[in-house]
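Visitor: Below: one structure in structure tokens.
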Amino acid sequence: MINIYQPSLGKEELKAIEEVFNSNWLGKGPKTEEFIKLFSEKLTDFQYYGVSYTNPSPECFLTISSCTEGLFQAIDLYVKEGDEVILPSISFIGAANAIVAKGAIPVFCDVNRRTLNVEVEHIESKITPKTKALIVLHYAGVPCDIEKISELCKEKNIKLIEDNANSPFSRFNVKSTGTFGDIGLWSFDSMKQLVMGDGGMVYCKDTKDAEKLRKLTYLGLESKSGFSNSVDNKWWEFDISSPSRRSITNDIQAAIGIEQLKKIDTQLSKRQLIHDTYTQGLKELDWLDIPLDLPRGIVSSYYMYHIQVKSKKDRDKLAKYLRQRGVYTTFRYYPIHWVDYFKSKDIHLPNTEYAANHTLCIPLHQSLSQKDIFKVIESIIEFK
């Protein structure tokens, strides 16, 4: 079976893990701090038509156990019970879960039916006096119009949370996605472009928010570890600012992440090449739509390649046909307003519903062989 997602790991990651084992320090430590520094620096390592952008300092970043946990922490930070939080229905289910876990109200908005990205007009129609936050996703690695969305949030005094799980090194007019909002979140799980087994990164525009989250991701403790606090104090004593969870990463994960960062440019280039090969191979088929060309100034991370079958009845038939031929496909993300727990007869999102009935994501990862790529293309062509 040709997988839709697949990590690329090798001897470099194994050697890095061995070094951590030999250090006898497996928890959160120097490797984690090194990874945070390298990741934040990587976001600045870019020029577009001679224009560069300086991203925030490492003090604005912290690692976290998962991007999902980051969503929960962000909602805890900015939202109260009864508040409304807007998000596209085509989002990761963890975003809606975080909202209802707080006792807040998820308000689902529509998306562009071709890009599956949220647009300003979709958000504006859902804003009420109770709206306190907005969660946006950069679908498939392609940035939404985050500049306009950020301006709208500032105007309406709404906290902007960027779910950057699809788009680790995507850019909108030079600036890295994930750094436009009040909080940005990245995922490093086993299916992403940069993997650590699991784990994530959080960016906070306000360093005070970052400091709060450092405490909240480690049980709300006011003091650092007992060892680092042991010079002048009784290091077994502690206090907490607020009860919270333990949501940190460790140096084993960070060691993998550091090696993955060294490879990320090559891996993203491979993903772009596969994306472009699909486009060339499928663009003449009149019974499906392929992703739109990227506008000037937009840089994608090429997380997914989604096709849209014009005939609704043929989408599911195509998925089964490809699976029978050893090509795995899926649709991301099943609309949350169709999930029974969140379902409401009053919600109608026409673009979202069109996308959910016509879209199929085909294999895209840097380990695909040329043989695999052409098998995917040929299998789709042979369907009709």
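Visitor: Setting aside same-chain residues fewer than 8 positions from LYS312, which aspartates and glutamates have a Cα under 16 Å from its Cα?
Guide: List returned: ASP286, ASP289, GLU353.
Visitor: Take the stretch 264-383, compute every pairwise Cα distance, and split them into 10 Å bins from 0; I just need the percent in each bin.
Guide: Cα pair-distance distribution for the stretch 264-383, in percent: 12, 40, 32, 14, 1.
Visitor: Of all beta bridges DSSP finds with both residues in the chain, what is the antiparallel percent, to the nearest 5? Walk me through the intermediate numbers first.
Guide: Working: 24 of 41 bridges.
Antiparallel: roughly 60 percent of the beta bridges in the chain.
Visitor: In addition: Say a paramagnetic label sat at a point 7 Å from the Cα of TYR354, along Cα to Cβ; which residues of the stretch 122-140 have their backbone N under 17 Å from it?
Guide: From the stretch 122-140, the list is 122-123.
Visitor: Any idea what Rg and Dmax come out to for the chain if you just take the C-alpha atoms, in Å?
Guide: 21.4, 75
Visitor: So, one more: Ranking PHE21, PHE342 by Cβ neighbours within 10 Å, fewest first, what do you get? Numbers along the way, then the final one.
Guide: Working: PHE21 13, PHE342 18.
Going from sparsest to densest Cβ surroundings: PHE21, PHE342.
Visitor: Cβ neighbours within 10 Å, averaged per peptide: list 260-271, 66-77, 29-40 in order, most packed at the top. Spell out each step's value before the answer.
Guide: Numbers: 260-271: 17.0, 66-77: 23.5, 29-40: 18.8.
Ranking the peptides 260-271, 66-77, 29-40 by packing returns 66-77, 29-40, 260-271.
Visitor: Could you tell me the calculated FRET efficiency between ASP316 and GLU121, based on Cβ-Cβ distance and R0 = 41 angstrom, to the nearest 0.05? Don't skip to the answer; put the middle values down first.
Guide: On the way: r = 30 Å, r/R0 = 0.74.
The computed FRET efficiency comes out at 0.85.
Visitor: Would you kindly work out the equivalent ellipsoid of the stretch 1-143 from its C-alpha gyration tensor and give its semi-axes, the square roots of five times the eigenvalues, largest first in whole Å?
Guide: Numbers: eigenvalues 225, 86, 65 Å².
Semi-axis lengths for the stretch 1-143 are 34, 21, 18 Å.
Visitor: Among TRP186, TRP287, TRP236, TRP338, which comes first, second and so on when ranked by fewest other beta-carbon atoms within 10 Å?
Guide: Taking fewest neighbouring Cβ atoms as first place, the list is TRP236, TRP287, TRP338, TRP186.
Visitor: Between GLU12 and ARG323, what FRET efficiency comes out of the Förster formula 1/(1 + (r/R0)^6) with R0 = 30 Å and r the beta carbon distance, rounded to 0.05? Walk me through the numbers on the way to the answer.
Guide: On the way: r = 34 Å, r/R0 = 1.12.
FRET efficiency, ARG323 to GLU12: 0.35.
Visitor: If each residue of separation counts as 0.36 nm, what is the full-extension length gain between GLU41 and ASP206 once their alpha-carbon separation is subtracted? Each step should come with its number before you reach the end.
Guide: Values: separation 165, 0.36 × 165 = 59.40 nm, distance 1.81 nm.
Difference between extended and current length: 57.6 nm.
Visitor: Per 0.36 nm of contour for each residue apart, how much would the distance between GLU34 and PHE374 grow if the chain were fully extended, relative to their Cα-Cα spacing?
Guide: 118.4 nm
Visitor: Now for a different question. Take the Cβ-Cβ distance between LYS384 and ASP340 as r, set R0 to 41 Å, and report the resulting FRET efficiency rounded to the nearest 0.05. Could you put the intermediate results ahead of the total?
Guide: Details: r = 35 Å, r/R0 = 0.84.
Efficiency, rounded to the nearest 0.05: 0.75.
Visitor: Any chance you could run the full-extension gain for GLU59 through GLU284? It's 0.36 nm times the residue separation minus the Cα-Cα distance, nm to one decimal.
Guide: Numbers: separation 225, 0.36 × 225 = 81.00 nm, distance 4.89 nm.
My answer for the length gained is 76.1 nm.
A short reminder: the numbers here are calculations on the coordinates, not readings from a lab. Quantities reported herein were computed from a predicted structural model and do not represent experimental measurements. Every residue, glycine as well, gets a Cβ built from its backbone with ideal geometry; the counts of neighbours run over all protein chains shown.
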